[in-house]
Amino acid sequence: MSKITYIDYQDNSKTIEVENGLTVMEGAIQNDISGIDADCGGSMACATCHVYVEEKWFNKIPKAEEAEVDMIDMAIEPKKNSRLSCQIIVSDELDGLTVMTPKKQS
Amino acid sequence: MTKTDVVIIGAGPVGLFAVHQLGIKGLKAVVIDNLDKAGGQCIELYPDKPIYDIPAIPECTGEELTKNLLEQIKPFNTKFFYNERVDEVKQDNDNWIVKTNNNNKFTAPNIIIAGGVGSFEPRKILVKDAEKYEGKSLFYSVKNKDEFKNKNISIFGGGDSALDWALELSKFSKITLIHRRNEFRGAPHTLSEIKKLENEGKISIKTPCKLESIEGDKNVESISIKFDDEKIEKIRTDTILSFFGLIMKLGPIAEWGLNMNKKTIEVNSENFETNKKGIFAAGDICSYPGKLKLILSGFHEVALASVECFKRARPNEKYRFEFTTSSKNIQNRLGKK
């Protein structure tokens with residue numbers, strides 16, 4: 001279990017315990033975190049689980065592969081710290097990770 | 001009004017296999033889909049990506065899977081209604097009346113909703129006033145390229161659609177191609193063509209930047225783009241083309257009185273019927289305890305739903321379970337002798 005914090009665009013913050021091995025997206029969906037749609041269910045095909053990763057964590061997460069970066073092109077308001085939460089796998093190293101969810105996913 | 005046994009909403013893999021499961025039981029179906037072809041997410045989202053978990057098919061792409069499913073249901077001569085979205089579902093005694101946005105009407109005792117995550121729509125530009133220009137000087141697709149002649153066109157996007165249309169329209173218009181990062185993703189040949197045209201001054205490329213605002217009155221006159229270093233540039237523009245892929249919108253399905261759970265429809269896992277008798281949901285759009293969003297789960301779901309469809313469509317006949325390997329009836333329906 002690792003603690004993951006989700007902060008929405010209005011600055012509401014929720015911290016939940018997510019089982020290691022699940023993705024940050026799955027953690028959100030299973031715990032009714034708003035702001036993450038995940039329409040395609042995690043197949044990296046829709047960019048509706050787009051999150052901004054807190055700067056200090058961004059470089060600790062394994063780098064995005066090309067297909068993910070391509071998909072982030074489709075997201076609304078992508079930034080330098082954009083990731084798809086379905087591609088971030090929770091582990092002990094990411095205990096304490098904070099992600100910001102965008103105002104809109106689609 | 002077309003009368004049939006089952007109206008299938010969605011021509012993705014699950015909708016297509018529903019045709020098969022109904023067809024071998026002697027039931028007729030029509031299929032309605034908002035896209036212009038069959039395949040659903042398999043075709044729109046990942047036509048070239050290999051799928052590895054279709055039983056007995058070690059590897060196939062979304063496109064191949066769709067092609068094979070269409071081949072498998074060929075004997076049933078099913079009618080497909082593409083580019084149409086189901087807007088209304090109304091009860092008429094034991095039947096359902098289904099109306100599309102193209103004013104086609106169907107009546108059937110059964111509906112199978114295999115609608116994935118809803119119908120596909122282009123992802124839209126969200127800056128102020130974008131909506132006002134949509135269809136006039138802002139477009140999400142090119143239907144008739146003659147309307148894009150002799151214009152200043154700003155194209156947004158970094159994928160194949162953006163690149164291909166930049167190339168094509170540069171033959172008779174001035175193109176600015178705008179993308180959020182320096183790398184484009186496209187076929188190597190396309191990329192080198194684009195570079196060539198940039199060197200010849202026929203295409204202007206602006207990266208890394210994004211749309212900041214649209215200026216104009218009745219029509220777009222210019223756009224402002226913002227670079228990563230906060231610098232803003234104004235570009236004279238008559239027409240904006242935006243290619244940020246498709247999103248899925250649940251749409252009118254939410255208004256049909258079905259029990260919903262977030263964006264999914266609740267069903268029982270015995271025959272995948274919803275809270276409305278004769279309306280079934282299968283594939284990604286349905287939910288029940290333990291549901292997995294896998295194509296193979298959708299296949300199972302429509303197989304079971306088709307049995308209940310038979311009972312409702314043929315109330316005076318006894319349903320008999322049969323195997324395709326041994327049933328003469330099924331083999332006749334498949335056109336095998």
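The values are calculated or read from the model by the stated rules, or taken from the named source; none is laboratory data. A quick note: this is a predicted structure, and the numbers were derived from the prediction, not measured. Positions of Cβ are backbone-derived with ideal geometry, glycine not excepted, and every protein chain shown enters the neighbour counts.
Points worth noting:
- The number of residues in the range B:232-252 that are aliphatic (A, V, I, L, M) and either assigned to a loop (DSSP other than H, G, I, E, B) or away from every other protein chain (no Cβ under 14 Å) (or both) comes to 5.
- Residue pairs meeting the criteria (Cβ under 9 Å; at least 6 apart or on separate chains; first of a type in the set (Asp, Glu), in the range B:150-162; second in a loop (DSSP other than H, G, I, E, B)): B:ASP160/B:ARG185; B:ASP160/B:GLY186; B:ASP160/B:ALA187; B:ASP160/B:PHE243
- Residue match in the range B:150-162 (condition: modelled with pLDDT under 95, part of a helix (DSSP H, G or I) and out of contact with any strand residue (DSSP E or B) (no Cβ under 8 Å at 6 or more places or on another chain)): yes
- Selection count, the range B:297-319, where residues are away from every other protein chain (no Cβ under 14 Å), assigned to a helix (DSSP H, G or I) and out of contact with any Lys or Arg (no Cβ under 7 Å at 6 or more places or on another chain): 13
- Residues (in contact with a helix residue (DSSP H, G or I) (Cβ under 8 Å, 6 or more places away or on another chain) and either modelled with pLDDT under 95 or acidic (Asp, Glu) (or both)) located in the range B:264-290: B:THR264, B:GLU270, B:GLU273, B:ASP284
- Test: residue in the range B:26-39 that is out of contact with any Phe, Trp or Tyr (no Cβ under 6 Å at 6 or more places or on another chain) and within 14 Å of chain A (Cβ to nearest Cβ): yes
- From the options B:ASP160, B:ASP164, residue that is within 14 Å of another protein chain (Cβ to nearest Cβ) and under 23 Å from A:ASP73 (Cα atoms): B:ASP160
Residue by residue, here is whether (1) within 14 Å of another protein chain (Cβ to nearest Cβ); (2) under 22 Å from the mean Cα position of the chain (by Cα); (3) surrounded by 24 or more Cβ atoms within 10 Å (Cβ to Cβ) holds:
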{"position": "B:LYS3", "(1), (2), (3)": "no, no, no"}
{"position": "B:GLY15", "(1), (2), (3)": "no, yes, yes"}
{"position": "B:ASP48", "(1), (2), (3)": "yes, yes, no"}
{"position": "B:THR66", "(1), (2), (3)": "no, yes, no"}
{"position": "B:GLU71", "(1), (2), (3)": "no, yes, no"}
{"position": "B:PHE76", "(1), (2), (3)": "no, no, no"}
{"position": "B:LYS79", "(1), (2), (3)": "no, yes, no"}
{"position": "B:VAL86", "(1), (2), (3)": "no, yes, yes"}
{"position": "B:VAL89", "(1), (2), (3)": "no, yes, no"}
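- Residue that is farthest from B:ALA162 (Cα to Cα) [pool: residues in the range B:253-280 that are within 13 Å of chain A (Cβ to nearest Cβ) and over 17 Å from the mean Cα position of the chain (by Cα)]: B:ASN261
- Exclusive hit being in the same structural domain as B:VAL89 (by TED's automatic domain parsing), touching a helix residue (DSSP H, G or I) at 6+ places or on another chain (Cβ under 9 Å), within 15 Å of B:ILE8 (Cα to Cα) and of a type outside the set (Lys, Arg), set B:GLU308, B:GLU301: B:GLU301
- Inspection of the range B:116-128 finds no residue satisfying the criterion of being of a type outside the set (S, T, N, Q) and modelled with pLDDT of 95 or more.
- Single unsatisfied condition, A:ASP39 versus (1) within 30 Å of B:GLY283 (Cα to Cα); (2) of a type in the set (D, E, K, R); (3) out of contact with any strand residue (DSSP E or B) (no Cβ under 6 Å at 6 or more places or on another chain): (3)
- Neighbours by Cβ (under 9 Å, 6+ apart or cross-chain): first from the range B:176-196, more than 25 Å from A:LYS80 (Cβ to Cβ) and away from chain A (no Cβ under 13 Å); second among the basic types (Lys, Arg) and not in a helix (DSSP H, G or I): B:LYS196/B:LYS202
- Selection from the range B:143-157 of residues that are within 14 Å of chain A (Cβ to nearest Cβ) and not hydrophobic (A, V, I, L, M, F, W, C): B:GLY157
- Single unsatisfied condition, A:MET25 versus (1) surrounded by fewer than 18 Cβ atoms within 10 Å (Cβ to Cβ); (2) at pLDDT 95 or above; (3) not in a strand (DSSP E or B): (1)
- Options A:ASP8, A:ASP37; residue that is touching a residue at least 12 places away in the same chain (Cβ under 8 Å) and within 9 Å of chain B (Cβ to nearest Cβ): A:ASP37
- Pick from the range B:194-231, criterion among the aliphatic types (A, V, I, L, M) and outside any strand (DSSP E or B), ranking: surrounded by the fewest Cβ atoms within 10 Å (Cβ to Cβ): B:LEU197
So that you can scan it fast, the table gives a plain yes or no per residue for (1) surrounded by 16 or more Cβ atoms within 10 Å (Cβ to Cβ); (2) not small (Gly, Ala, Ser):
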position	(1), (2)
A:ALA38	yes, no
A:TYR52	yes, yes
A:LYS56	no, yes
A:LYS63	no, yes
A:ALA67	no, no
A:GLU77	no, yes
A:SER85	yes, no
A:ILE88	yes, yes
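- Restricting the range A:64-101 to residues that are out of contact with any helix residue (DSSP H, G or I) (no Cβ under 7 Å at 6 or more places or on another chain) and closer than 17 Å to A:LEU22 by Cα, the residue that is nearest to the other protein chains (Cβ to nearest Cβ): A:ARG83
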